[in-house]
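See below for the structure under consideration.
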Amino acid sequence: MDFLPLIKLLHQTKHVTVLTGAGISAESGIPTFRGKNGLWKKYRAEDLATPSAFNRDPKLIWEWYDWRRGLIAPVEPNPGHKVLARWEKIFSDFALITQNIDGLHWKAGSKNIVELHGNIWKMRCTEEETIIENFDSPLKEIPPRCPSCGALLRPHVVWFGESLSPSTIQKAFALSSQCEVMFVIGTSAIVQPAASLPLSAAEAGAKIVEINIDPTPLSPYADFSFKGKAGEILPLIDNELRKKP
Ligand code: BV8
C-alpha cells in the first residue's frame, strides 16, 4: 500500500476530521451492525433500537443493552483507536466524530469527540430528561429507574426515527465542511445523517480518505481508499507520518 501521497498531503494539513463507525471497534472484539455475526443479524434494528420498541417492552430493550454493555465492558481500545488519540495532539485542528456508542475512543484517550448517536454508558430519565452515567455490568435492576423520581430510565442513545440533537448535528457538519482532510473509518456509510457528513466535506473541497475492509457507497467519492483493517492501517500511516518529511 503506497501511503506517500497521503503522507505528503498530511504534512501540509492543519485541519483533520475523522468519522468512525462500528468497524473501528471490530478488532477490539465488538461485533459490528451489518458485518458477519453483526448485531443486526440477530435483531432487526427497527425491532429494538426504536422508541416504539422501547415503549412496547422496555425490559426487553434493556436486556439487549445490558447484553451489549457486557460485550463492551471488558474490551480495550485497539491500535486504531490509539492512533486517533495521538493524532489529536499532532494536528493543530483535529476532530473525531463517531457513530459508535461503545465509548472506546474515550478509553483510548481521545478528548475532542462528537458522539453522534449517544453513549451506552449513559442513561436518561424519561420524565426529567436528566442524564446519568452508569458503568454497572450487569445492570443491578432491569429496567433501571431514575434515582431521584423513580421514573423509567432509557439508554442515552439516538434510536432510529429519532432526530439527533441539533447542536450535535450542527457541530458535526461544521467540522466536516471546514476540514482539509476527512478520514472515514469502518463505516458502511448507510445510516443518515452520519453518512452525509463525508459528502458535505467533499463538497467543501476536503480530501476524503476511506479505510474499510470492504467497499462502501462512499468509495467512489474517496480520494484515497485503503482496503483493510483500521487497527492495522492506521498504525502504518502513523509510522510514515512520524518520519520527517
Ligand atoms: C433521523 C445508536 C430524522 C443506537 C444508531 C430512508 C433513507 C434514508 C434515511 C432513512 C430512511 N428511513 C429512515 C431513515 C433515517 C434513518 C436511517 O438512516 N436508516 C437507514 C437504516 C437507512 N436514520 C435515522 O433514523 C436517524 N434519525 O434520521 O432522524 C428522521 C426522523 C424520522 C424519520 C426520518 C428521519 C437516527 C440514526 C441513528 C440510529 N442509531 N445507533 C444503538 O446503537 O443501539 S445507528 C447504528 O447503526 C450505529 O450508531 C451506526 O450509525 C449504524 C451502523 O453503521 P456502522 O457503524 O457503519 O456499522 P456497520 O456494521 O453498518 O458497518 C461496519 C463497517 O465497518 C462495514 O463497512 C465493514 O466493512 C467495516 N469493517 C468491519 N471491520 C472492520 C471494518 N473497517 C475497518 N476495519 C475493520 N476491522
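Since every read-out is calculated from the coordinates, none of them should be taken as a lab result. Worth saying up front: this structure is predicted, and the values here are computed from it rather than measured. Here Cβ is always computed from backbone atoms with ideal geometry, including for glycine, and neighbour counts include all displayed protein chains.
Side notes on the structure shown:
- Theoretical ellipticity at 222 nm over the chain - DSSP helices of four or more residues, -39500 (n - 2.57) apiece, nearest 500: -10000 deg cm²/dmol
- Backbone phi angles across region 84-93, fed through the Karplus curve with coefficients 6.51, -1.76 and 1.60 (θ = phi - 60°), yield HN-Hα couplings of 5, 5, 5, 4, 4, 8, 9, 9, 5, 9 Hz in residue order; Gly and Pro are listed as x.
- Reachable lysines, given that their alpha-carbon falls under 30 Å from the alpha-carbon of residue 244 and they are not under 8 places away in the same chain: 8, 14, 82, 89, 107, 111, 207, 227, 229
- About the Cα centre, charge dipole magnitude for the chain (Lys/Arg +1, Asp/Glu -1 at Cβ), debye: 440
- Computed over the chain, Cα set: Rg, Dmax in Å: 18.4, 59
- Partner lysines for residue 140 [C-alpha distance under 21 Å; skip if fewer than 8 residues away on the same chain]: 59, 122
- Expressed as a whole percent, the proportion of Cα-Cα pairs in region 64-185 lying more than 23 Å apart is 39%.
- Note on the chain: antiparallel DSSP beta bridges, both residues inside, total approximately 25 percent of the bridges counted.
- Prolate/oblate/rounded label for region 160-205 (Cα gyration tensor, a/c 1.5): oblate
- Whole-Hz ³J(HN,Hα) from phi, Karplus 6.51 cos²θ - 1.76 cosθ + 1.60, for region 166-182, glycine and proline x: x, 5, 5, 6, 5, 4, 5, 5, 5, 5, 7, 7, 9, 8, 8, 9, 10
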